[in-house]
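S.K.: This is the structure I have questions about; it appears just below.
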Amino acid sequence: MAKARGIGPPALAAAVASIPASYLWLRYRYPTFWKDVDFVKRFARLNSNMQRQLNAGHTIVDIFEQKALENPDHPGILFEKEAYTYGEVRANAARVARWVTSADPTLKKGDAICMLLQNSPVFIWTWLGFLKKGIITSLLNFNLKPSAILECIRVSEAKKLVFGTEFLEVVEELMPELQALNVELWMVNDSGMSGIEYPVGVVSMDTGMMSGEPLASEPMTMDEISSYIFTSGTTGLPKPATIPHRKIIRGIFLHAFSDLTPDDTYYVVLPLYHSAALFISVCATFYHGGTVALAKKFSARHFWDDIRRHDATGFQYIGELCRYLIAQPKRNDDGKYPRKLKIALGNGLRPEIWEEFRSRFNIEKIIEIYAATEGNAGFINFEGAVGSIGRYPWILKKLIDGFQLVEYDFATGEPTRGKDGFCKLMPVGQTGLALFKIDDKNPYTGYKGPKEKSERKIVRNVKTKGDAYFNTGDLLKMDDEDYIYFMDRIGDTFRWKGENVSTVEVAQALSSHPGIMEANVYGVNVPGQDGRAGMAAIVPNEGTRLDLGDVYSHVSSLLPDYACPKFLRLMAEIEVTGTFKHKKTDLVKEGFDIHSIPEEVFIIEPSQKAYVPLTSRHLSVIMAGQSKL
């Protein structure tokens, strides 16, 4: 009879002894293993929950209706001194849908209308009301010039323009062109004013007489278009990105690690015509059954008072918004709130102010995200790594391989290819052009209009023949722990003295000076010189007299000589887009011409270790191609 086999004392001792050795080997060979495993588990849970929601086929309208049905008396929107429950918002959306049907019975699912409205509860329920009808809403940036607004209306192929009383003058200016396009004008009294005179050709969108009883929504699939969101227009005319319903759901899940609940109040100051405010803030809050505290616009002075007044527990930021808040004088009530401020989520928070922002204002968790309105994927930094936009662990790369950093040609901005015809991949620690793989789970829907506009954002044959990737146009870098960092926009990086200069890196160096509130960095042409010289428009902190010798010492200690700005332009404020992105086009055109620029301009003078006023003598030497910058 054979003896039973087992582990004897010597074998057991050897097995136990091998455990620490295996652990040490793993820590040496793969120090981030357990962190990566935890990351992948969280990512898988997020992806599974999101896919389940997408497969259910419920649009944001369906989701909001269900929340309103379950808890009609729960606060839905707080705005100034007004408050609206979920039930009231739902009823007002139904009134909008009924009014649209009565005003134009021919308006059907798939038709487009444009909305030119300021932040208000009216915006939200008007948007929901149109979505109930299956009508595509083209959301217009009211900060644009009238000519640009007209172009947005034209490319939207909209049948109607819905606008608020605040924009009546703009609409009247565009009236002849709008009539030529056969665009009907509907005006919403979103200001609460009485006695408004409606010009000939403008219809009052008075929905108050309509029934607010529940109204069935048009059946919609995840792939049907909900809205057009326009790109920021920092470098040209905005383009309308198509937003299918699935993209709204995906935007909601950027809050997967925010732990939002029905008890939370989320403060929204960004403009609702942009995806950051409407989808990632408002829709995500509704998805979790919480309350939206809405501001008409951002105010650095009143921001924290509003947080306290509304008992807010979270908010969404844009990087420059954080800098404006940091620049405010310190107060005794900084960081003190009725309830814990549990979450700030957004993009563009600069590493040099990250910790100060979090600690001064007592924010429990900061989640930095990376995504583009027209893009097909992104990153979430839920681990709190300062300055990072997210992480892409080795395990995840092996599982899905959906992201690449590739070498690019500086002159053309296009990916560089090897002899095999495929893109050259960048190693860890080096900056590359960020590409996201386009597939069934991460589709790219592009822009409305000619196919060529959308096609320009696609890079094909990146790693294998026939593959396709979305070109973000962003330069990112990955460190040896797989954290990703934003470095620059490809069009913003410039070349000087044979070296690439990152506008973001230079702006961070300038902004870390205690006397500078913000800096906008760009390259300008200099006669007789190759490339572009660095120039920065800077705004001093209020009440500060800048010591430009100290500024010189500061930047020269942080940056190589070629990256130090050659010109400084002192400004009272820097022009930004509606989502606080710096505008550069006009600054680049104006350059350093002191005869046409109203502000003071300074030139670097290494011999004096300072920036000195740019004079006509300096300018004549530069324009003659004789400068030694």
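The values are calculated or read from the model by the stated rules, or taken from the named source; none is laboratory data. Quick caveat, the model's predicted, so the values are computed rather than measured. Cβ: placed from backbone, ideal geometry, glycine included. Neighbour counts: every protein chain shown.
S.K.: In the range 384-403, what count of residues is obtained for those that are within 26 Å of Phe279 (Cβ to Cβ) and touching a residue at least 40 places away in the same chain (Cβ under 8 Å)? Quick ask: steps written out before the conclusion?
M.R.: Pass one, the range 384-403, residues within 26 Å of Phe279 (Cβ to Cβ): 384-385, 387-392, 396, 400, 402-403.
Checking which are touching a residue at least 40 places away in the same chain (Cβ under 8 Å) leaves us with 385, 387-392, 396, 402.
Selection size over the range 384-403: 9.
S.K.: Name the residues in the range 396-425 that are surrounded by 12 or more Cβ atoms within 10 Å (Cβ to Cβ) and over 19 Å from Gly378 (Cβ atoms), would you?
M.R.: Of the residues in the range 396-425, the ones surrounded by 12 or more Cβ atoms within 10 Å (Cβ to Cβ) are 396-397, 399-400, 402-408, 410, 413-417, 422-425.
Result: Glu407, Tyr408, Phe410, Gly413, Glu414, Pro415, Thr416, Arg417, Phe422, Cys423, Lys424, Leu425.
S.K.: Can you find, within the range 478-509, the residue that is surrounded by the fewest Cβ atoms within 10 Å (Cβ to Cβ) among those that are in a loop (DSSP other than H, G, I, E, B) and out of contact with any Gly (no Cβ under 9 Å at 6 or more places or on another chain)?
M.R.: As a first pass, look at the range 478-509 and keep what is in a loop (DSSP other than H, G, I, E, B): 479-482, 490-493, 497-498, 502.
After this cut, where a residue has to be out of contact with any Gly (no Cβ under 9 Å at 6 or more places or on another chain) as well, the list is 481-482, 502.
On the way: Glu481: 14, Asp482: 20, Ser502: 20.
Looking at the filtered set, the residue picked out is Glu481.
S.K.: Now for a separate question. Would you be able to tell me the number of residues in the range 435-477 that are of a type in the set (Val, Ile, Thr), crowded, with 20+ Cβ neighbours inside 10 Å and either under 20 Å from the mean Cα position of the chain (by Cα) or outside the structural domain of Glu414 (by TED's automatic domain parsing) (or both)?
M.R.: Result for the range 435-477: 1.
S.K.: Here are Ile353, Ile369: which of them is of a type in the set (Val, Ile, Thr), touching a helix residue (DSSP H, G or I) at 6+ places or on another chain (Cβ under 6 Å) and within 22 Å of Gly290 (Cβ to Cβ)? Write out each step before concluding.
M.R.: Numbers: Ile353 fails: within 22 Å of Gly290 (Cβ to Cβ).
Testing whether each residue is of a type in the set (Val, Ile, Thr), touching a helix residue (DSSP H, G or I) at 6+ places or on another chain (Cβ under 6 Å) and within 22 Å of Gly290 (Cβ to Cβ) leaves just Ile369.
S.K.: Quickly run through the range 107-134 and pick out the residues that are among the hydrophobic types (A, V, I, L, M, F, W, C) and part of a helix (DSSP H, G or I).
M.R.: Answer for the range 107-134, where residues must be among the hydrophobic types (A, V, I, L, M, F, W, C) and part of a helix (DSSP H, G or I): Val122, Phe123, Ile124, Trp125, Trp127, Leu128, Phe130, Leu131.
S.K.: Going by the structure shown, is Val539 within 31 Å of the chain's Cα centre (by Cα), of a type in the set (A, V, I, L, M, F, W, C) and at negative phi? Give the derivation first.
M.R.: Working: within 31 Å of the chain's Cα centre (by Cα): yes; of a type in the set (A, V, I, L, M, F, W, C): yes; at negative phi: yes.
When the stated conditions are applied, Val539 passes them.
S.K.: Can you confirm whether the range 174-196 contains a residue that is closer than 24 Å to Val292 by Cα and within 18 Å of the chain's Cα centre (by Cα)?
M.R.: Checked against the condition, which is being closer than 24 Å to Val292 by Cα and within 18 Å of the chain's Cα centre (by Cα), the range 174-196 yields no hits at all.
S.K.: Might you check whether a residue that is of a type in the set (Val, Ile, Thr) and surrounded by 21 or more Cβ atoms within 10 Å (Cβ to Cβ) occurs anywhere in the range 326-342? Give the derivation first.
M.R.: Taking the range 326-342 and keeping what is of a type in the set (Val, Ile, Thr), we get 326.
Then drop every residue that is not surrounded by 21 or more Cβ atoms within 10 Å (Cβ to Cβ), which leaves none.
For the range 326-342, residues of a type in the set (Val, Ile, Thr) and surrounded by 21 or more Cβ atoms within 10 Å (Cβ to Cβ): absent.
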